[in-house]
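Asker: Please find one structure pasted underneath; my questions will follow.
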Amino acid sequence: QVQLVESGGGLVAPGGSLTLSCVASESTDSFYAMGWYRQAPGKQRELVAVTAKGTSSSYDSSVKGRFTVSRDNAKRMVFLQMNSLKSEDTAIYSCFANTGRGNVWGQGTQVTVSS
């Protein structure tokens, strides 16, 4: 079973930046897609960004132009660069992978945007 471990969350002021990282326990070369979900208190989990083989990255409209998802198969990692953060970006962010054998999620990392 593939394991995903996130890092990089924390407290940041509005307008600030943060980069989340996620490392997989095995090679990601064959993974069809990797990306990030988030879940804010009292809200449903939502897909934030995804990068898939053979296609361009896609983003939720609320983060488009501010967040960038990238993937490094050599390091078995996926990243989420978050700029111009807003209070409404506060949530637990979890990375995911569509391995071709099923979907896997990490435990999540807390991102809090507050002054």
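Asker: Given 0.36 nm per residue, what is the gain on full extension from ASN73 to THR55 after removing their alpha carbon distance, in nm?
Answerer: Numbers: separation 18, 0.36 × 18 = 6.48 nm, distance 1.58 nm.
Full-extension gain reported as 4.9 nm.
Asker: Provide the per-residue ³J(HN,Hα) series for segment 91-107, in order, calculated from phi with Karplus coefficients 6.51, -1.76, 1.60 and θ = phi - 60°, each as a whole number of Hz, with x at glycine and proline positions.
Answerer: So the Karplus estimates, Gly and Pro as x, are 4, 8, 9, 10, 8, 9, 9, 9, 7, x, 10, x, 9, 10, 10, x, 6 Hz.
Asker: Taking 0.36 nm per intervening residue step and subtracting the Cα-Cα distance, what contour gain separates ARG66 from ALA13 on full extension?
Answerer: Working: separation 53, 0.36 × 53 = 19.08 nm, distance 1.50 nm.
Result: 17.6 nm gained on full extension.
Asker: Let me know the charge dipole size of the chain about its Cα centre in debye, to the nearest 20, where only the beta-carbon of Lys, Arg (+1) and Asp, Glu (-1) is charged. Spell out each step's value before the answer.
Answerer: Details: 11 positive and 8 negative charges, 24 e Å.
With Lys and Arg at +1 and Asp and Glu at -1, about 120 debye.
Asker: Efficiency by 1/(1 + (r/R0)^6): what FRET value for LYS43 and GLN3, r their Cβ-Cβ distance, R0 = 25 Å, to the nearest 0.05?
Answerer: On the way: r = 26 Å, r/R0 = 1.04.
That pair, LYS43 with GLN3, gives E of 0.45.
Asker: Sticking with this structure for a sec: Run the dipole for segment 28-85 about the Cα centre, Lys and Arg Cβ at +1, Asp and Glu Cβ at -1, nothing else charged, and hand back the magnitude in debye, nearest 20. Intermediate results must be reported in sequence, preceding the final value.
Answerer: Numbers: 9 positive and 4 negative charges, 17 e Å.
With Lys and Arg at +1 and Asp and Glu at -1, about 80 debye.
Asker: Suppose we keep just the DSSP beta bridges with both residues in the chain; what percent of those would be antiparallel, to 5?
Answerer: Details: 37 of 40 bridges.
Looking only at bridges with both residues in the chain, the antiparallel portion is about 90 percent.
Values quoted throughout were computed directly from the atomic coordinates according to the rules given, and no laboratory measurement underlies them. Model, not experiment: these values are computed from the prediction. Please note: Cβ atoms are built from the backbone with ideal geometry, for glycine as well, and neighbour counts cover all protein chains shown.
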